[in-house]
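A.B. asks: This is the structure, below, for whatever I ask next.
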Amino acid sequence: MTRKTEWLVRVACAACGAGLVGLAVTIYATWPNNWAGVFLNERRNREASIRALEWRISREAQPAEHAFYQAWLAEEKGDLEGAIRGFRSLRDAAPPGSELHLRSALRLGLAYGRNRQAEEELATYQGLMAQHPGASRLSQATYHLRRGERDEARRLLDDALSRDTRDGSLGSHRQFALSLRAGLGAGPPEPPAQSP
């Protein structure tokens, strides 16, 4: 190896070493809010959710509840098609207006969303309008927020909160709806009135 080649190899190794040290310092300085910390936290949370669902399934005596948590476990493990089948069959078998019907429909919508079936997700939430108007509007609002459609989310939240003052349809989710609405700020400015 010539002196020049040896010198180039040393410079390249020093540059790689400095780059790795810089990367390590950056990761350390931004932990846990960097990509590595977020990935590890999400993985840890998913594993904890799976353990909790497995524990719940092992102790659930009600067949419908057992099936609900089985479908949820399938979703957490990444079997979205299996989760969709499970939640859909539960929703279809549960009496409309029941708590199980609502919970399975909401989880079904989320599974559709995670499976990139946006139209089915929105249709599932809209299908709750007659029996669960508050939950339907709130779910639709979060759907539109994830898509960046703030005006539509604002409209749905305003409608849900207005109806809730009359009929209490948001129930325990009123505070969540209020905090979402507060985060959206004022609506778009009204267009100026045109003179005749």
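The values are calculated or read from the model by the stated rules, or taken from the named source; none is laboratory data. This structure is a prediction, so every number in the text was calculated from the model and none was measured. Glycine gets a Cβ as well: all are built from the backbone with ideal geometry, and neighbour counts include every protein chain shown. Just so you know, the surface numbers come from the protein's heavy atoms only, side chains and all, with ligands and any DNA or RNA stripped out. Shrake-Rupley method; radii C 1.70, N 1.55, O 1.52, S 1.80 Å.
A.B. asks: Whole-Hz Karplus ³J(HN,Hα) for segment 153-160, in order, using 6.51 cos²θ - 1.76 cosθ + 1.60 and θ = phi - 60°, x for Gly and Pro?
C.D. replies: Values, residue by residue: 5, 4, 4, 5, 5, 4, 5, 4 Hz.
A.B. asks: Could you work out the helix-only [θ] at 222 nm for the chain, with each DSSP H run of four or more residues adding -39,500 (n - 2.57) and the total divided by the number of residues, to the nearest 500 deg cm²/dmol?
C.D. replies: Theoretical 222 nm ellipticity from helices: -25500 deg cm²/dmol.
A.B. asks: What percent of all Cα-Cα pairs in segment 76-180 falls into each 5 Å bin, going from 0 up to the bin containing the maximum distance?
C.D. replies: 2, 14, 23, 23, 20, 12, 5, 1, 0
A.B. asks: May I pose another question? With θ taken as phi - 60° and the coefficients 6.51, -1.76 and 1.60, list the Karplus ³J(HN,Hα) couplings across segment 164-171 in order, rounded to whole Hz; mark glycine and proline as x.
C.D. replies: 4, 5, 8, 10, x, 5, 7, x
A.B. asks: Hey, another quick one. Per residue, how much accessible area does the chain show when a 1.4 Å probe rolls over the protein heavy atoms, in square angstrom?
C.D. replies: Ligands and nucleic acids excluded, the result is 65 Å² per residue.
A.B. asks: Projected onto the charge dipole of the chain (+1 at Lys/Arg Cβ, -1 at Asp/Glu Cβ, origin at the Cα centre), which of 45, 68, 127 gives the Cα projection farthest towards the positive end?
C.D. replies: With unit charges placed on the Cβ atoms, the residue in question is 45.
A.B. asks: Calculated from the structure, Rg and Dmax of the Cα atoms in Å equals which of [x] 19.8, 67; [y] 25.0, 89; [z] 17.1, 55?
C.D. replies: Recomputing Rg and Dmax of the Cα atoms in Å here gives the entry labelled [y].
A.B. asks: With only Lys, Arg, Asp and Glu charged, each at its Cβ (+1 for the first two, -1 for the last two), find how big the charge dipole of the chain is about the Cα centre; round to the nearest 20 debye.
C.D. replies: Using only the charged Cβ atoms, the result is roughly 700 debye.
A.B. asks: Provide the packing ranking of 112-118, 84-90, 59-65, i.e. peptides ordered by the mean count of other C-beta atoms within 10 Å per residue, highest first.
C.D. replies: The densest-packed peptide leads the list: 84-90, 112-118, 59-65.
A.B. asks: For segment 28-134, take the convex hull of the Cα atoms, compute a quarter of its surface area, and give me that in nm², please.
C.D. replies: 8.1
A.B. asks: At 0.36 nm per residue, minus the direct Cα-Cα distance, what do residue 81 and residue 64 gain on full extension? Give it in nm, one decimal, please.
C.D. replies: 4.2 nm
A.B. asks: Quick one: which residues, 5 or more positions from residue 169 or on another chain, have an amide H under 5 Å from its amide H? H modelled 1.01 Å from N in the peptide plane, none for Pro or chain starts.
C.D. replies: Amide H to amide H, under 5 Å and 5 or more residues apart or across chains, residue 169 pairs with 164.
A.B. asks: Explain nothing, just compute: Karplus ³J(HN,Hα) = 6.51 cos²θ - 1.76 cosθ + 1.60, θ = phi - 60°, for every residue of segment 101-114 in order, whole Hz, x for Gly and Pro.
C.D. replies: 4, 5, 4, 5, 5, 5, 5, 4, x, 5, 5, 4, x, 5
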